[in-house]
Amino acid sequence: MSTARRRAPDADEAPPEGAAQPPQATEASPGAATKVAIAAEHVGKRFGHVEALRDASLRAERGQIVALFGDNGAGKSTFLRILQGIHQPDAGRLVVDDQPVSMTSVRDAQALGVDTVHQDLSLAPDLSVVDNMFVGHEVLRRGPLGRMGVLDRREMTERTEAALRELSINLPSLTVPISDLSGGQRQAVAVARAVMWSSTAVLMDEPTAALGARQSELVCDLMRTVAGRGLGVVVVSHDLPRILAIADRVVILFRGRTALDVPAADLTVPDVVATMVGYGQEESAA
Amino acid sequence: MSTQTQAPPDGASSSVDTRAVAVRPLWLRVLTTRAAAILALDVVLFVVFAVQSGGPFASEANIQSLLLSATEALLLAVGLAMLLGAGIFDLSLGANLVLSSVVGAKLMLAVADRTPDGGYRNLSTVVAIGVVGCLVTGMLFGLVNGLLVAYLKINALIATLGTLGIGTGLAYVISGGADVGGLPTEIQSDFGLLTFGAVPVPAVVAVVITAGVFVCVRYTRFGSRTLAIGSSPSAAERVGIRVPRHLLRLAVLAGLLAGIASFIDLSHFISTSLNGHSNDALNAVTAAVIGGTLLEGGKVSVLGAVWGTGLAVILQGGLVIAGVSSYYQLMAVGVVLILAVGVDRFSHLRRART
């Protein structure tokens, strides 16, 4: 712990240039050492007079969980939206699956295998679990019925069962509407859906915000399982202790720039909070 | 259809608690739907009126007349149910019906090549032009609604209130304020009042179309996306559905159904009926909502719309035969509407919507 305290300020000295190049990248997943799932390098974004992001960098390798922390207004949401393809950066570049990319919509990001678990989950409450898993990616029957748009619910159900089983998620029924499920169950469905449609990275926005302690633990387990499948996971959260415990790297935004990008093992919650509120930043700026 | 996931034998790995949901058997779910309740009400009312009138109400002629009057209302109600499912509204369906019928009728007269005794030398062309005119006008009307609502993001209530006025006005301008008559009587004898067995052919058409919409809602990608949009527009957008394009298609579909209804209207009366449809849109809303379609979107009950339409028609016909002023029918339908929705609010079935 004492080493961690020393490390954090060290990293603070460096940020703008070196932030996006983590020196000890192999830590989390030796097997997929140099595979970048999703990365943003020196990204800037303005909205009119507001400079939401100045120099934000982040890099999630396959198999890694990267926590994105920051105080309100630090630019987390904007940063996440850029990774989702909703916003386009004014400066800097994006890398998905080791390739530089430019994304102009959510559909672009999805085509690159990047999917999101939104804070509000973005599930359709009236639709069944199966239909929610496949909405936007429906499977149609073969033959003439399929050309008329008839769904292959059997195949969709089987694939949903398989996807849920793979993440050890148990639901009582896949035909009930989402609104009949508990908060934790909904969260699990949203995660399973994102995992199902992402081949490179999963972005998670406050996945534990609406959950109790036990369900939060389950979602954290899910995140580990997802990373274990070789996907990069970027998680935005205010749940510092819990996320710190499972993350491989931590990226902290302060006023639109990456203030810290270090292995999670080197950090304690007080370190994170100090960086989030700008301790040390003011000094280096002064 | 049974799609329950069984927990793996090693229940220990259960990562999500399964206490929240008790899955009820299919028959119980079907029997407790609003559609089933309204169907039961329909049957009860039908029996009551049949017994009370001592026969005439249950006569073949009367049932045919009930079916005929339900036909157009059903087409509108089913189209509207789809729109409501996606969370949008349409007040202009009646105006669409009237305008489409006026355009169809005018086109038929325009291409008609009459013989001196009033017959038509080009009957099949006239009828074909009439059908196409009605359907295309209906779709164009729907297209305009769709563009206003989906792309210009004008509130559907406002947009269709506007097109309701525009469409009605346009129909009066084109027709000169008088009903367009003198259409070929064959459309009435060979379609409008033709029966298939004991069932009027237009009713058969409406039932087939309704069945198609039912299948569409339940089993197709189009239906699933419609409900996804109505259930949560932002979620639908985020999963990559092109929401405006889908809404536009829905509006055109509802317009097409109004267009079909307009030709049925023409073939029923061999004339337009400019003043006969001012309440059609609201009747369609009533039928759809009584049947269990949610005004907020996300849930469509096509069968419910069928039984809801039936309720209005049975009450109307029954009260007339019972010698009660048909004005009471309006009140009765209103009471049922409020009861049906109100009971639902208070029942435990009402789930907290997220």
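The values are calculated or read from the model by the stated rules, or taken from the named source; none is laboratory data. All figures in this text were calculated on a predicted structure; none of them were measured in a lab. With ideal geometry, Cβ positions are generated from the backbone for all residues, glycine too; neighbour counts draw on all protein chains shown. Areas reflect the complete protein model, heavy atoms only, side chains present, ligands, DNA and RNA absent. Shrake-Rupley method; radii C 1.70, N 1.55, O 1.52, S 1.80 Å.
Give the residues of region A:135-164 that are closer than 15 Å to residue A:177 by Cα and more than 8 Å from every other protein chain (Cβ to nearest Cβ), sorted by residue number. Listed by number, the list holds a single entry, A:160.
Checking each residue in region B:185-236 for being surrounded by fewer than 17 Cβ atoms within 10 Å (Cβ to Cβ) and either within 8 Å of chain A (Cβ to nearest Cβ) or under 28 Å from residue A:177 (Cα atoms) (or both) picks out B:211, B:212, B:215, B:218, B:234. Residues in region B:36-50 include none that are open to solvent by 60 Å² or more (accessible area, probe 1.4 Å), away from chain A (no Cβ under 14 Å), modelled with pLDDT of 60 or more and in a loop (DSSP other than H, G, I, E, B).
Examine region B:249-262 for a residue that is within 14 Å of chain A (Cβ to nearest Cβ), open to solvent by 10 Å² or more (accessible area, probe 1.4 Å) and closer than 20 Å to residue B:88 by Cβ, and state whether such a residue exists. Yes, there is a match, as at least one residue in region B:249-262 is within 14 Å of chain A (Cβ to nearest Cβ), open to solvent by 10 Å² or more (accessible area, probe 1.4 Å) and closer than 20 Å to residue B:88 by Cβ.
For (1) surrounded by fewer than 19 Cβ atoms within 10 Å (Cβ to Cβ); (2) at the interface with chain B (Cβ under 8 Å from one of its Cβ atoms), each residue gets a yes or a no:
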| position | (1), (2) |
| --- | --- |
| A:181 | no, yes |
| A:192 | no, no |
| A:198 | no, no |
| A:201 | no, no |
| A:205 | no, no |
| A:213 | yes, no |
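Of all the residues in region B:143-166, those that are open to solvent by less than 20 Å² (accessible area, probe 1.4 Å) and under 19 Å from the mean Cα position of the chain (by Cα) number 5. Note on region B:188-246: among residues that are among the polar types (S, T, N, Q) and in contact (Cβ under 8 Å) with a residue 40 or more places away in the chain, the one that is farthest from residue A:129 (Cα to Cα) is B:188. Applying the criterion of being within 23 Å of residue B:111 (Cβ to Cβ) and of a type in the set (S, T, N, Q) to the residues of region B:170-229, the residue that is modelled with the highest pLDDT is B:175. Say whether the condition of being within 14 Å of another protein chain (Cβ to nearest Cβ) and at pLDDT below 60 is met by at least one residue in region B:22-31. Among the residues of region B:22-31, at least one is within 14 Å of another protein chain (Cβ to nearest Cβ) and at pLDDT below 60, which makes the answer yes. Taking region B:237-247 as the range and being within 14 Å of residue A:120 (Cα to Cα) and more than 7 Å from every other protein chain (Cβ to nearest Cβ) as the test, only B:237 passes.
When restricted to residues that are touching a Gly at 6+ places or on another chain (Cβ under 6 Å) and open to solvent by 50 Å² or more (accessible area, probe 1.4 Å), region A:128-179 contains 0.
Scanning region B:105-125 for residues that are part of a helix (DSSP H, G or I) and aliphatic (A, V, I, L, M), we see that the one that is surrounded by the most Cβ atoms within 10 Å (Cβ to Cβ) is B:105.
Residue pairs whose Cβ atoms lie under 7 Å apart, sitting 6 or more positions apart in sequence or on different chains, and linking a residue in region A:103-115 that is away from every other protein chain (no Cβ under 13 Å) and at negative phi to a partner that is at pLDDT 90 or above and in a helix (DSSP H, G or I), do not occur here.
In this structure, residue B:330 does not satisfy being at pLDDT 80 or above and within 26 Å of residue B:228 (Cα to Cα).
Looking at A:236, A:219, A:272, A:251, just one residue is buried (at least 16 other Cβ atoms within 10 Å of the Cβ), over 17 Å from residue A:119 (Cβ atoms) and under 17 Å from the mean Cα position of the chain (by Cα), and that residue is A:251. Residues in region A:114-121: is at least one touching a helix residue (DSSP H, G or I) at 6+ places or on another chain (Cβ under 6 Å), within 30 Å of residue A:50 (Cα to Cα) and at pLDDT below 90? Yes, region A:114-121 contains at least one residue that is touching a helix residue (DSSP H, G or I) at 6+ places or on another chain (Cβ under 6 Å), within 30 Å of residue A:50 (Cα to Cα) and at pLDDT below 90. Among the helices (runs of 4 or more DSSP H) confined to region A:129-203, the ones with at least 1 residues that are at pLDDT 90 or above, among the charged types (D, E, K, R) and within 22 Å of the chain's Cα centre (by Cα) are located at A:183-197.
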